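First up is the structure itself, then whatever we jot down about it.
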Amino acid sequence: MLNRYKWAIALTLLCSASASVAISSQSTNAANRNRYQHVLILSIDGLHGADIADATLQSDLPNIISLEKTGVTYTNAFTSSPSDSFPGTLSYLTGASPKITGVYYDDSYDRELTSPGGSASDPRATEVVLDESIDKDSSLLSGGGDYGIGSIDPKKLPLACTNTVCTPVYPHNYVKVNTIFDVAKGAGLYTAFSDKHSGAYDIANGPNGNAVDDYYSPEIAALVAIENGVLVDKSTAQNPSALTFSGVTSNYKLTEAYDDLKVNAIVNEINGKNSLGTKDAPVPAIFAMNFQAVSVAQKAQIGGIDFANGTETPSVAFIDALSHTDASIGTIVNALKQRKLLDSTLVIVTAKHGQNPRLGSSILVKDSIIPNTLAVAGVEVAQATQDDVSLLWLKDQEQTKAAVRVLEELKANSQTCGGTVQDSCNPGIEEIFSGSKLRQAGFGNPARDTRSPDVIVKLKPGFVLVGNVASKVKRAEHGGFNEDDTHVGLIVGSNAIPANLKGSVQDDKVNTTQIAVTTLNALGLNPAYLQGAKIQRTEALPGLDIPSRF
């Protein structure tokens, strides 16, 4: 008999299949009846709304500013909470929050799954890690496979078990609702997607696992080098023995070259090729990619130079990464112009997440303080996922109130952690969520939601939990709920936007979930087929004069 998790998968698949049949009853040329035939989503990790508005950065953003002039800028746009990459991505791909998608982080916990390599007789409950660690070979840009689901080693996946049989849970199985790619694919439209992990971002494929026609996601954890001006790994280098291979994120210049791979893929798709440029393909109705260089530069103290250096003077690394990303957007927009597609393409620039703090350096705090303090008090933590937030799953959920009492005492400690003080000091705790307070904040009920954290600790702005407090690549981080984590840039532009709306500004608060509904409306598709958006009653972005299909 299927357990509850397996029933959830089966029900989601059934709903997706039913939706696909219903969508297919629409014209497969739905986009042809609308102003837009294509929607291109460009996500820049770490891009704040304040970055776009910052007068000191205007000269570094000519292409983004040019895009602003063709459309609408949303000055009060927010991403998901937690602001991790996974829920941030799913926010604009599903139109739903983590409570609805069931995805709180790329490193989370599920009380009904079994650990990778386990058996049907093993206890349920396991950490769920969906990052480069599930690749066949994360040292390669291909992930050791095909830049996609073929790069996943099934033996590294968590398992959904009945009494006798266990089945690997792929990332696309893990998300509980469908994506905009599912809806477009069901209407006979062509889709493409690229992000930062070869296997893990299979999550964009939706419950059926096949919503993206052209999936190309080079692995950001790969070991790479520049050879003859091209980013290579040990499998693609012509003369690997003459090269020194480093991690993509070890140097922002390598990250820029990594981003170039995905920009080239988008340009290939605009030019009627597949992402690799090896064969002809339709121009995608929905295509999306993600930039990483800005985020890497924000986090790192390159050569000891901080982003703000104690002032509001951006570092050389940050400016270079921001300028390079802006130039890449210019390359993409020019490709659309050359193919005469800018009149029929809605271009959306946003971010999965911001970065905290935006200015200055973070206060690094040992990430063992919170779980160790709980352990000393007799509260055992099953899983602690920590960046500039602490998500806690307890071994015994009955100890939730005890855990909160301990954490409140820790919060009351006037001695703030930092430097060499790493005992029972307050690691920057601002607020503690559990029980009804957790639910009121928009999270699941841990008593019924097998994935919801039991306790969430919000940190004060500027505090980051790390394994190594001497780290030089953690001067900023994301994942939390603070303004710098969640207040992201959002611009929607196109030649086809009505003249009276070009260059306009929307100051009302919006969420990146609304991108999903806007995308489907722009293509003439009904967002009611988007399961998470329907449950959450997500609205389209205002001020675009795009007819709603709800």
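A P(r) calculated from all alpha carbon pairs of segment 402-536, with 5 Å bins opening at zero, reads 2, 7, 12, 13, 15, 13, 11, 9, 8, 5, 3, 1, 0 percent.
Counting only other residues whose beta carbon sits under 12 Å from that of Ala285, what net charge do I get with K and R as +1, D and E as -1? Residues near Ala285 contribute -2 overall.
Each residue in His172, His353 was given a count of other beta-carbon atoms within 10 angstrom of its own, and listing them fewest first yields His172, His353.
Computed over segment 108-171, the quotient of the alpha carbon radius of gyration and 2.2 N^0.38 Å is 1.16. Max-minus-min Cα coordinates of the chain on each principal axis give 65, 60, 55 Å, with the largest extent listed first.
The dipole here belongs to segment 363-474: it is taken about the Cα centre, uses +1 on the Cβ of Lys and Arg and -1 on the Cβ of Asp and Glu, and is about 220 debye. Taking the number of Cβ atoms within 10 Å of each Cβ as an exposure proxy, the fewest-first ranking of Glu477, Glu483, Glu380 is Glu380, Glu483, Glu477.
Computed from point charges on the beta carbon alone (+1 for Lys and Arg, -1 for Asp and Glu), the dipole magnitude for segment 403-550 about its Cα centre is near 340 Debye.
Given R0 = 41 Å, the distance between the Cβ atoms of Asn228 and Asn76 translates into a calculated FRET efficiency of 0.35. Annotation: the antiparallel percentage among DSSP beta bridges lying fully within segment 363-474 is about 75. D by Stokes-Einstein for segment 165-262, Kirkwood Rh over Cα pairs, 10 °C, 1.306 mPa s: 104 µm²/s.
Using only alpha carbons, build the gyration tensor for segment 363-474 and give me the equivalent ellipsoid semi-axes, biggest first, whole Å. Working shown, then result.
Working: eigenvalues 107, 42, 32 Å².
That gives 23, 14, 13 Å for the three semi-axes.
Roughly speaking, what % of Cα-Cα pairs in segment 175-225 are separated by over 12 Å, rounded to a whole number? Tail of the P(r) past 12 Å holds 60 percent of the pairs. In terms of other Cβ atoms within 10 Å, Tyr105, Tyr170 run from fewest to most in the order Tyr170, Tyr105.
When segment 363-474 is described by a simple charge dipole with +1 on each Lys and Arg Cβ and -1 on each Asp and Glu Cβ, the residue from Ala441, Val457, Ser368 located farthest towards its positive end is Ala441.
With Cα atoms defining each centre, segment 472-550 and segment 42-92 are spaced 11 Å apart in the structure.
Dipole of the chain computed with +1 at Lys/Arg Cβ and -1 at Asp/Glu Cβ about the Cα centre; of Ala351, Pro171, Tyr190, farthest Cα towards the positive end is Tyr190.
Within straight-line reach of Lys502, meaning a Cα separation under 16 Å, sit the following lysines at least 8 residues removed in sequence or on another chain: Lys69.
Taken about its Cα centre, the chain carries a charge dipole of roughly 1300 debye when the Cβ of each Lys and Arg holds +1 and the Cβ of each Asp and Glu holds -1. Farthest toward the positive end of the dipole of the chain, out of Pro498, Val248, Val469, is the Cα of Pro498, where the dipole comes from beta carbon charges about the Cα centre. With all pairs of different C-alpha atoms in the average, the Kirkwood value for the hydrodynamic radius of segment 217-290 is 13.3 Å. On the beta carbon distance between Asn271 and Lys411, with R0 = 41 Å, the FRET formula returns roughly 0.15. From most to least packed by mean Cβ count within 10 Å, the peptides 174-182, 335-343, 236-244, 46-54 give 174-182, 46-54, 335-343, 236-244. Report, in whole Å, the centroid distance computed from the Cα atoms of segment 117-140 and segment 385-464. Spelled out, the Cα-based centre of one part sits 26 Å from the other. Rg and Dmax of segment 342-388, both derived from C-alpha coordinates alone, stand at 19.5, 63 Å. Among the listed pairs Lys155/Lys185; Lys366/Lys509; Lys395/Lys458; Lys460/Lys509, those with a Cα-Cα distance over 25 Å are Lys155/Lys185; Lys366/Lys509. Considered as an equivalent ellipsoid built on the Cα gyration tensor, segment 280-406 has semi-axes of 42, 24, 10 Å, the largest given first.
Taken together, the values in this text are just the output of simple stated rules run on the coordinates, not laboratory data. Here the structure is a predicted model, which means the values were calculated and not measured. With ideal geometry, Cβ positions are generated from the backbone for all residues, glycine too; neighbour counts draw on all protein chains shown.
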